[in-house]
Amino acid sequence: MVIKIKNIEVNKRDNSLNLLRLIFAILVLVGHCYFIPNFEYNLPQPVIYLITLAVPLFFVVSGYLITGSAIKNSFKTFLIKRFARIYPGYFVSSVMVVLLFAPITYALIHHGFDINSYFSLNPSPIDYLLNCMVFDILTPIGNILTTIQVNGWNTSTWTLFYEILCYLLIGIVMFLLKKLKLKNYTKIIIFLYLFMIFCSFIIPRPENPPANFVEEIAYFINFSAIFLGGSILYLIKDKLVFNKKYLILSLIFCIIIMTLLNN
């Protein structure tokens, strides 16, 4: 059975991309359970690989959706929509750390809670909140986390910085293409995608979170290449077809490859 993708209205809110996002989010949650005492991964190897792919898959979906927004909207409207989509939720989550999760942890460690002592910590909760506003998520609140094997309060948001950079990248590219009145978006985005792939070999992404500017550039190159892959899928969606037989064969092939890989 063959279904043309262009006949599927992917811009509606009831599309299957929301289901994919839910699956990826669950994989991310499982992937962040490593710091729970006595937690062990007793999972099949393909599932572990899928967990590690959850964040990149988010970037593919974002590339697909955000490219459409960048094409349809003016640059100013595009930026306003992206800000409204991300920043309010991120701000609320940061405030929740300061007003709920950090105080609870502080009270458990100190067997009680004193608000003056809490807000007098160094760095203070206010320092943490202000730094979070510029995506410096590793700022501690006092020494509350020294007895827990985690390096930050809301570290799962560390990729937001790179996602915003990807938004700016595709927004600026589409703005320039419109200004220059160039209609062949696909070839230019494919060229940019291949360029980022080439750069990723020159500046490979480190295994651990970035610790310096060069490593931050490496992460941006890596995530932007993945993001642009989703952009390409959006631009060529009218030419793609969905074939159930090929889908099943592809999934079987991927499972076999992920099972055989040692690392």
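The values are calculated or read from the model by the stated rules, or taken from the named source; none is laboratory data. A quick note: this is a predicted structure, and the numbers were derived from the prediction, not measured. With ideal geometry, Cβ positions are generated from the backbone for all residues, glycine too; neighbour counts draw on all protein chains shown.
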Inset, instruction - Output the number of residues of region 120-148 satisfying the condition of being surrounded by 14 or more Cβ atoms within 10 Å (Cβ to Cβ), more than 16 Å from Trp158 (Cα to Cα) and either at pLDDT below 85 or not aliphatic (A, V, I, L, M) (or both). - result: 8
Legend entry - Pick from region 102-119, criterion out of contact with any helix residue (DSSP H, G or I) (no Cβ under 8 Å at 6 or more places or on another chain) and not in a helix (DSSP H, G or I), ranking: surrounded by the most Cβ atoms within 10 Å (Cβ to Cβ): Asp114
Legend entry - Which numbered condition Tyr87 fails, given (1) outside any helix (DSSP H, G or I); (2) at pLDDT 85 or above; (3) of a type outside the set (A, V, I, L, M): (1)
Inset, instruction - Go through the residues of region 150-165 one by one and say whether even a single one is over 20 Å from the mean Cα position of the chain (by Cα) and surrounded by fewer than 16 Cβ atoms within 10 Å (Cβ to Cβ). - result: no
Inset, instruction - Write out, first by first residue and then by second, each pair whose Cβ atoms fall under 6 Å of each other, whose residues are 6+ apart or on separate chains, and whose first residue, in region 83-103, is among the aliphatic types (A, V, I, L, M) while the second is surrounded by 15 or more Cβ atoms within 10 Å (Cβ to Cβ). - result: Val97/Trp153; Val97/Asn154; Val98/Pro125; Val98/Leu129; Ala102/Ile141
Legend entry - Cβ-Cβ under 8 Å pairs, at least 6 apart or on other chains, region 232-249 side of a type in the set (A, V, I, L, M), far side at pLDDT below 85 and part of a helix (DSSP H, G or I): Leu240/Ile5; Leu240/Lys6; Val241/Ile5
Inset, instruction - Evaluate the following for Ser224: is it within 17 Å of Gly63 (Cβ to Cβ) and of a type in the set (Gly, Ala, Ser)? - result: yes
